[in-house]
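All remarks here apply to the structure that follows.
The values are calculated or read from the model by the stated rules, or taken from the named source; none is laboratory data. Please read all numbers here as calculations on a predicted model, not as lab measurements. Note: ideal-geometry Cβ built from the backbone for every residue, glycine included; neighbour counts use all protein chains shown.
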Amino acid sequence: MRLVQVGLSACLFLCISNMTCMAQLRGERPELIQVTDQVYSAVGYSLGNILYVLTHDSIVVIDTSESPDAAKASLAELRRISQLPISHIIYTHFHGDHINGARSFRSGENSSVAIIAQQEHDRELLMFQKLRPYNARLNAIQFGAALPKRDATLELALDPARPVIGYLRPTEKFESEYKFQQGGVQFELYHTQGETSDHLMVWLPESKVLFPGDLFYHSFPMLSSPMKHDRPVLHWAESLDRMRGLNPEHLVPSHTRPLKGAQHIETVLENYAAAIRFVHDETLSCINLGMSVEQARQAVRLPDHLSNLPYLSELYGKVAWSVNGIYRQYTGWYDMVPAHLNPAPVNSLHQAIAQAAGGAAPLYEQARKAHKQADYQLALELLTIALGAEPKHAPCHRLAAEVLSHLAQRSSNGVEKNVYLVAAQEHQQAAGDSVSSDADEP
């Protein structure tokens with residue numbers, strides 16, 4: 001078992017790359033929110049919330065954040081309310097911002113804490129071990145590890161260069177449901193796929209408090225992350241329907257603030273599930289109509305009564321990205337374009353286009369025109385071709401950095417912003433220009 005433990009620890013930090021980046025916007029004040037007499041949500045301490053249930057004789061922790069220090073800080077605040085020992089930790093799923101603070105809750109008098117997860121937990125973690133180098137690169141891009149803090153659209157509650165591993169392996173796992181009573185409080189855990197295949201929700205039937213994990217947060221959901229494997233989209237909607245059937249009066253997510261009021265929560269969950277199903281079904285219609293994925297991305301738009309809802313704004317997930325993922329789930333990689341069945345190296349195509357255009361310079365000039373007209377996507381694609389033909393063309397790199405910065409400024413999506421800003425920085429470096437860092441800050 002030691003080999004498994006080493007593997008889990010080694011890939012844990014890489015799993016942080018799955019975190020919901022819009023969860024706590026940078027600069028949000030740490031706050032311990034009282035949901036009911038027994039339930040508290042610690043928001044703003046870290047990227048992931050830390051959730052507490054106070055029973056008559058102990059504390060049950062639901063999700064532990066990405067940071068042992070953040071977990072300690074939130075616990076210190078809770079200790080002003082209760083000195084009860086911690087009896088259980090529940091992981092809603094395997095992502096690093098939910099599991100890496102666990103060690104802070106199991107020490108001294110809490111050394112025998114039970115840790116509960118769904119049966120697929122270990123398998124999901126070990127999948128990341130197989131792609132460690134890729135996930136390290138992904139992590140650096142998505143979280144803007146090389147960006148100055150003023151530019152990054154999110155801030156982890158740990159140092160990415162020197163992460164402290166606080167993960168503890170589950171002591172108990174279950175397949176479909178797990179129920180237990182602790183200190184007079186009934187806990188019901190159910191396997192509810194969506195964000196991951198090991199995802200679970202926690203339900204307190206007496207107080208009608210529901211902990212949905214990452215199946216709801218204040219943004220259009222990340223149904224398909226640009227650099228990740230497919231997610232079970234329809235299962236996500238089905239899980240939301242299952243939550244609605246419980247008629248919760250309090251919804252305490254692992255990202256963003258709690259909601260209250262049975263009717264309000266019912267409406268929110270109904271709309272959330274409807275948005276997921278709409279994008280799924282419309283994408284399938286596009287496939288059946290013979291549309292390419294690019295055409296489907298343009299065609300699928302949420303109806304106004306959903307797109308205008310603040311909790312479906314594209315702060316984290318995006319409809320277009322979801323179309324890509326759903327399209328990929330249902331079709332093969334061949335897009336029915338014969339030239340793409342056995343394509344030549346892309347640089348060969350770029351070189352041929354550049355040669356036909358008279359070199360990289362004419363493409364650069366055309367990109368400049370597009371840039372002046374604020375057609376930044378066209379400018380970027382032209383520069384990509386030019387640089388494919390002449391990789392050391394410094395003016396192209398400089399213009400690409402400027403174009404990418406404009407695209408980042410236009411975006412309200414945290415992941416998208418970081419992708420553009422990291423790429424802009426790389427182009428600056430390729431042009432031989434200096435790149436700003438935190439050391440440049442006054």
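Before moving on, here are some points about what is shown:
- For S239: the one exception among (1) of a type in the set (G, A, S); (2) part of a loop (DSSP other than H, G, I, E, B); (3) surrounded by 21 or more Cβ atoms within 10 Å (Cβ to Cβ): (2)
Condition check ((1) among the aromatic types (F, W, Y); (2) surrounded by fewer than 17 Cβ atoms within 10 Å (Cβ to Cβ); (3) farther than 30 Å from H218 by Cβ; (4) in contact with a helix residue (DSSP H, G or I) (Cβ under 9 Å, 6 or more places away or on another chain)) across all residues:
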site: G332; (1), (2), (3), (4): no, yes, yes, no
site: Q351; (1), (2), (3), (4): no, yes, yes, yes
site: Q373; (1), (2), (3), (4): no, yes, yes, yes
site: E390; (1), (2), (3), (4): no, no, yes, yes
site: H397; (1), (2), (3), (4): no, no, yes, yes
site: A400; (1), (2), (3), (4): no, no, yes, yes
site: A408; (1), (2), (3), (4): no, no, no, yes
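- Residue count, segment 119-141 (criterion: modelled with pLDDT of 85 or more and touching a Ser or Thr at 6+ places or on another chain (Cβ under 8 Å)): 3
- Residues that are touching a Ser or Thr at 6+ places or on another chain (Cβ under 9 Å), in a loop (DSSP other than H, G, I, E, B) and farther than 30 Å from H255 by Cβ within segment 309-351 comprise D335, M336, V337, listed in sequence order.
- Within segment 61-110, the residues that satisfy the criterion of being of a type in the set (D, E, K, R), part of a loop (DSSP other than H, G, I, E, B) and within 22 Å of H199 (Cβ to Cβ) are D63, E66.
- Filtering segment 32-44 for residues that are modelled with pLDDT under 95 and either closer than 19 Å to L259 by Cα or surrounded by fewer than 24 Cβ atoms within 10 Å (Cβ to Cβ) (or both) leaves a non-empty set.
- Close pairs from segment 286-312: first farther than 20 Å from Y327 by Cβ, partner not in a helix (DSSP H, G or I), Cβ under 6 Å, at least 6 apart: Y311/H218; L312/F220
- For the residues E402, E416, E381, the requirement of being more than 22 Å from L147 (Cβ to Cβ) and not assigned by TED's automatic domain parsing to the domain that holds A140 singles out E381.
- Any hit, segment 84-100, residues being under 17 Å from the mean Cα position of the chain (by Cα) and of a type in the set (S, T, Y): yes
- Residue satisfying all of: in segment 279-308; part of a helix (DSSP H, G or I) and aliphatic (A, V, I, L, M); farthest from Y217 (Cα to Cα) among these: I287
- Every condition in (1) assigned to a loop (DSSP other than H, G, I, E, B); (2) at pLDDT 95 or above; (3) under 22 Å from P226 (Cβ atoms) is met by L407 except one, and the failing one is (1).
- Looking at V35, V53, just one residue is closer than 27 Å to E175 by Cα and among the β-branched types (V, I, T), and that residue is V53.
- Considering residues of segment 117-151 that are surrounded by fewer than 19 Cβ atoms within 10 Å (Cβ to Cβ) and among the small types (G, A, S) only, the residue farthest from the chain's Cα centre (by Cα): A146
- Filter result for the condition that a residue is within 14 Å of A275 (Cβ to Cβ), buried (at least 19 other Cβ atoms within 10 Å of the Cβ) and in contact (Cβ under 8 Å) with a residue 60 or more places away in the chain, over S219, S197: S219
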